[in-house]
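> One structure is given below, represented as structure tokens, and several questions about it will come after.
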Amino acid sequence: MLPYWIFFILPAVIALSSAPRINVRADGTIPVRIDSAWMFTILILTVVVGFRYEVGGDWGNYFRYLFGAMNLNFTDLVTVEDPGYWALNIISVRFGFGITGVNTLSALIFSTGLVVFCQSLPRPWVALACAMPYLVTVVAMGYTRQSIALGLVMIGLVMLSRRRLVAFAVWVLLGALFHKSAVLIIPIAGLSISKNRWLSLGIAAGATLVGYFVLLEDSADQLIQTYTDANIQSQGALIRLSMNLVPAVLFLIYRNRLVLAPSERKLWSLFSVIAIATFVAFFVTNLSTALDRMALYIIPLQLFVFSHIPDAFRKYRSRNQNITIWIILYYALAMFVWLNFANHSSYWLPYSIGIA
């Protein structure tokens, strides 16, 4: 367990000693600037996630892509599902890098997206510390394809917060090349950008239809069967949905105390409503696996809210260390519970690094 605690404690310590960023763009958002420290962070995350060995619940399942890629060419990508992930496997096979090569390329994409998203927040190190217990440890090291999609979606969300709708759609569709479920995030754009309710619904419906016909039509039945089968129950779904619920409620209560760009306020209010809706749906539907997987795309809400929430109680953009300490302790508790009591945490223990 010690490596996981080290991965969490390092950004947590930096978060407690770092001042929040106070410079903003003309539209009220925070500029993204990847300096040498954050480039090094991307490198470390890529190595930690990419060079893991026999770590993660789906470790063995991904070898079928690697073995399958031995008989594929890049021209075959138009005939397969999730062509982005197949492309990574083809590249790794061509260069003889094995599953480690695939995982490292996947980790690089995810880590870049995570760092870009953290850098768009006032307390990027707080956001990174919040990401370590679940987003990095469980998702990036367990759900490889969906973690890539989520990394690209996070870049898209930064674009959307700046009202760059086309850029958002491009990044999300790129993510959908690695895991088709990413396309489900597209309707959020229409709902968060437009001031006209009917126009918002029209944009959302249009984007959903485009995403469906381009990416999901051929495999929609398979996805629905996979994620809604009554016999499939996602272990720990309620806990993960609850982790999204906490920041959602906090944001809706205190959002008027936070200094945010109007586009950010509307976007993350929508995310908060969705987080609450998925939590409620857990108790009134039999879709725990579907809700659990969709909840992965709501995780950025946690990073956004906890990077901003200290400003709701103290002087704007001051360190507010007391509140930051409570946030760090909350995520330390989440990591402790997951490592010691989660049904499948044994697949992550012990953490080992190697080449396969």
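Every number here is computed from the coordinates shown, using simple stated rules; none is lab data. Keep in mind that what you see is a predicted model, and the values were worked out from it rather than measured. Ideal geometry is used to build each Cβ from the backbone, glycine not excepted, and the neighbour counts take in all protein chains shown.
> What are the residues whose amide H is under 5 Å from the amide H of Ile34, where those residues sit 5 or more places off or on another chain and H is modelled from the backbone?
Those qualifying (amide H under 5 Å, at least 5 residues apart or on another chain) number zero.
> Residue by residue, what Karplus-based ³J(HN,Hα) values in Hz, rounded to whole numbers, does segment 265-275 have, using 6.51, -1.76 and 1.60 with θ = phi - 60° and x for Gly and Pro?
In residue order, the calculated couplings are 4, 5, 4, 7, 5, 5, 4, 5, 5, 5, 4 Hz.
> For Val13 and Ile355, compute 0.36 nm times the residue count separating them, minus their Cα-Cα distance, and round to one decimal in nm.
120.1 nm
> Residue farthest toward the positive end of the dipole of segment 2-348, with Cβ of Lys/Arg at +1 and Asp/Glu at -1: which of Gly142, Val49, Leu157?
Leu157
> Let me know the charge dipole size of the chain about its Cα centre in debye, to the nearest 20, where only the beta-carbon of Lys, Arg (+1) and Asp, Glu (-1) is charged.
Dipole about the Cα centre, nearest 20: 1540 debye.
> Pairwise over distinct Cα atoms, reciprocal of the mean inverse distance: report the Kirkwood radius of segment 85-154 in Å, one decimal place.
Hydrodynamic radius (Kirkwood, Cα pairs) of segment 85-154 is 12.5 Å.
> Now for a different question. Give the average over all directions of the projected area of the C-alpha convex hull of the chain, one decimal, in nm². Could the numbers behind the result be given before it?
Values: hull surface 69.8 nm².
The Cα convex hull of the chain, projected and averaged over all directions, gives 17.4 nm².
> Answer with one residue from Pro262, Leu108, Ala334: the one whose Cα lies farthest towards the positive end of the charge dipole of the chain, charges on Cβ with Lys, Arg +1 and Asp, Glu -1.
Farthest towards the positive pole: Pro262.
> Per-residue HN-Hα couplings for segment 141-146, Karplus 6.51 cos²θ - 1.76 cosθ + 1.60 at θ = phi - 60°, whole Hz, x for Gly and Pro?
Values, residue by residue: 8, x, 9, 4, 4, 6 Hz.
> Mind telling me which of Asp35, Asp27, Asp58 comes out most flexible in a GNM of the chain, alpha-carbon contacts under 10 Å?
Highest fluctuation of the listed residues: Asp35.
> May I pose another question? Just grab the label-to-label distance for Leu333 and Ile276, each label 7 Å out from Cα along the Cβ direction, in nm (one decimal).
Label-label distance for Leu333 and Ile276, simple model: 2.2 nm.
> Evaluate the relative contact order of segment 241-286 (contact order divided by residue number), counting alpha-carbon pairs under 8 angstrom at least 6 apart; express in whole percent. If you can, show how the numbers build up before the last one.
Values: 24 pairs, mean separation 26.7, N = 46.
The value is 58 percent.
> Let me know the longest stretch in the chain that avoids all trypsin sites (Lys or Arg not before Pro) found in a DSSP loop with at most 15 other C-beta atoms within 10 Å.
34-194
> Under a 5 Å amide H to amide H cut-off, with H placed in plane at 1.01 Å, what residues pair with Ile353 once short-range neighbours are removed?
Tyr53
> Give a residue-ordered list of calculated ³J(HN,Hα) values for segment 170-181 (Karplus: 6.51 cos²θ - 1.76 cosθ + 1.60, θ = phi - 60°; whole Hz; x for Gly, Pro).
Calculated HN-Hα couplings, in order: 4, 5, 5, 5, 4, x, 5, 5, 9, 8, 4, 4 Hz.
> Using a 10 Å cut-off around each Cβ, can you sort Ser36, Ser192 from fewest to most neighbouring Cβ atoms? Mind dumping the intermediate values first?
Details: Ser36 7, Ser192 25.
Result, fewest neighbours first: Ser36, Ser192.
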